[in-house]
C-alpha cells in the first residue's frame, strides 16, 4: 500500500509448495477467511477482494458484506450460468438467459471458426462442457459433447441438436 497500490486480491488458502499437486493445493490446505478479514479490518481504506473456495451465490452474497469484492475463478468456467445467477443477485431486474440464443451464436461461431481456420468443434465445445451444470440434462450434455463433438465432420448444429434432446427428455 505504501507504493500506491490500493486494490488487493487476497487468496484465503496458503499453498504448500512441497508435497502437494496444484489440484491438491486447491482442496487440502484450509481456507482462512478470518485472516483476510483481519487484513480488511486493519486497512479499511484499501479495496480488499477475497479469493478462494467461493462456489455459490450465497457465499458471494455473504462475503460481499465483509469485503469489497470476491473472485469466483474456476466456478465461472465450470458453471457459466453461475455468472448469471450472480448478476441476478446483484441486479435483480436482470433478464433471464436464453440458452437457445446462446447455443445458436456458439454454433454459428464454431462453424465460422471451422471454415476460416479449420478449428474443430471439439476445440470450442470443450469449453462449454459445464454450460448445464447443476441442471437437468447436464450429464446428457457432457456425454454427448464428449462423444459426438470429436467427429471430424461435427458442425455447430450439433450443439442445438443436443439441446433439443435435453428438452425432449425433460418434457
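When only residues in segment 40-62 that are assigned to a helix (DSSP H, G or I) and more than 18 Å from the chain's Cα centre (by Cα) count, which is farthest from residue 80 (Cα to Cα)? Selected residue: 42. Test residue 54 against the criterion of being at pLDDT below 95, crowded, with 17+ Cβ neighbours inside 10 Å and in contact with a strand residue (DSSP E or B) (Cβ under 8 Å, 6 or more places away or on another chain), and give yes or no. For residue 54, the condition - at pLDDT below 95, crowded, with 17+ Cβ neighbours inside 10 Å and in contact with a strand residue (DSSP E or B) (Cβ under 8 Å, 6 or more places away or on another chain) - is met.
For segment 104-113, the criterion of being outside the structural domain of residue 131 (by TED's automatic domain parsing) and under 18 Å from the mean Cα position of the chain (by Cα) is satisfied by no residue at all.
The values are calculated or read from the model by the stated rules, or taken from the named source; none is laboratory data. The structure presented is a predicted model; accordingly, all values stated were derived computationally and were not measured. Because the Cβ atoms are built from the backbone with ideal geometry, glycine has one as well, and the counts that use them run over all protein chains shown.
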